[in-house]
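Enquirer: I'd like to ask you about the structure that follows.
Where a number appears in this text, it was derived from the coordinates with a stated rule and is not lab data. Computed from a predicted structure; not experimentally measured. Using ideal geometry, Cβ is built from the backbone for each residue, glycine included, and neighbour counts are taken over all protein chains shown.
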Amino acid sequence: MVNFMLKLAKGFYMALGMFWAVPLPFHVWDEKLTAVMIASFPLVGALIGAVWWAAGLLLVMLELPVMLAAAILTLAPFFVAGFIHLDGYMDTSDAHLSRRPLEDKLRILKDPHVGAFAVIMVAVLFLLQFAAVYTVVDGGRYFALVIAVCVLSRSCSALSIFVLHHMPQSNYAAMLGEKTGILPKIFIVIAGAGAVAFAFLYAGAFGLIASAAVILGYAWAMRPVYKGFGGASGDLLGYSQVRGELCGLIALALLQGVERWF
């Protein structure tokens, strides 16, 4: 177990190099620790969520207008993550909504040009996310749950890498060996369970509902694209992760409204 924790620390640093936009002092990569790096995705989510929450606290302390604060917080997680998941969201939206044969969809998925569907869907994403963030920030409660939202969405992504069939074009298919061991998968489940526990302790039943919204939103997004593309890939994981987080935020906003009614 101690050996695994040491590997996890190194894998976490490797994951930061890929999914964290803040420059690191040095580069580390070890092909043998790919599975451990994937298992550390929830930890990256916890860090991004903590930065997101701290930014919200700072903006409230500065007494910025709620609409301006909400706009900044809508974009904050994408900036911190280096827009990598948003890129997958746009590429997958463009290919999936084209409703073309599989060969054409795969070509669109890898096309570096931005299509109309990608533009439309990113506009829909920002509009809904801004409205949800504005509602939560304006209500003054539950914004700390973005930490759980980020952990759960990345737990879903990490678990998907291990349990779903990968498209031949997927980078993860090439990175993972046949034997990844059970400890990385157990850690992902524990991290996700920890996020749910935190959400429950912080907001009770509302926290559980928001957690369920992330998981169900991720599954709702992944199912049709996984079936339509014949497997998973990094782009599809990013697409589903963004959708799952959006569902969690919308749930928080709706719960904020329910609390006001009562």
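Enquirer: First check a/c for segment 84-212, with a ≥ b ≥ c the square roots of the eigenvalues of its C-alpha gyration tensor; if it is under 1.5, answer rounded, and if not, answer prolate when a/b is larger than b/c or oblate otherwise.
Expert: oblate
Enquirer: Cross-link partners among lysines for Lys105, C-alpha distance below 21 Å, same-chain residues fewer than 8 apart left out?
Expert: Reachable lysines: Lys227.
Enquirer: Another question, if that's okay. Over the chain, what is the mean sequence separation of C-alpha contacts under 8 Å (at least six apart), divided by residue count, expressed as relative contact order in percent? Don't skip to the answer; put the middle values down first.
Expert: Working: 370 pairs, mean separation 66.9, N = 262.
Relative CO of the chain lands at 26 percent.
Enquirer: Additional query: I'd like to verify something in the chain: which complete DSSP H helices, judged by Cα projection on the helix axis, reach 20 Å or more and average at least -1.0 on the Kyte-Doolittle scale? List each step's numbers first, then the result.
Expert: On the way: long enough: 2-19 (25 Å, 1.11); 41-61 (30 Å, 2.07); 66-80 (21 Å, 2.45); 116-139 (35 Å, 2.12); 146-163 (25 Å, 2.06); 183-203 (30 Å, 1.96); 205-229 (36 Å, 1.11); 234-261 (41 Å, 0.50).
Those that pass (Cα extent of 20 Å or more, hydropathy at least -1.0) are 2-19, 41-61, 66-80, 116-139, 146-163, 183-203, 205-229, 234-261.
Enquirer: Hey, can you rank 23-34, 240-251, 101-112 by average C-beta count inside 10 Å, highest first?
Expert: 240-251, 101-112, 23-34
Enquirer: Output the pairs from Lys7/Lys185; Lys10/Lys110; Lys32/Lys185 with a Cα-Cα distance over 26 Å in this structure; if there are none, say none.
Expert: Table pairs above 26 Å Cα-Cα are Lys10/Lys110.
Enquirer: Something else about it: Using only the Cα atoms of segment 41-256, build the gyration tensor, take square roots of its eigenvalues as a ≥ b ≥ c, and label the shape rounded, prolate or oblate: rounded if a/c is under 1.5, else prolate if a/b is larger than b/c, else oblate.
Expert: Numbers: a/c = 2.11, a/b = 1.35, b/c = 1.56.
Oblate shape, in that a/c is at least 1.5 and b/c is the bigger or equal ratio.
Enquirer: Suppose a student asked you for the relative contact order of segment 86-224, using Cα pairs under 8 Å spaced at least 6 residues apart; what percent would you report?
Expert: Working: 88 pairs, mean separation 30.6, N = 139.
Relative contact order for segment 86-224 comes out at 22 percent.
Enquirer: Which order do peptides 151-163, 67-79 fall in by mean Cβ count within 10 Å, highest first? All intermediate terms of the calculation are to be shown ahead of the outcome.
Expert: Working: 151-163: 25.3, 67-79: 18.0.
Per-residue mean Cβ counts within 10 Å order the peptides as 151-163, 67-79.
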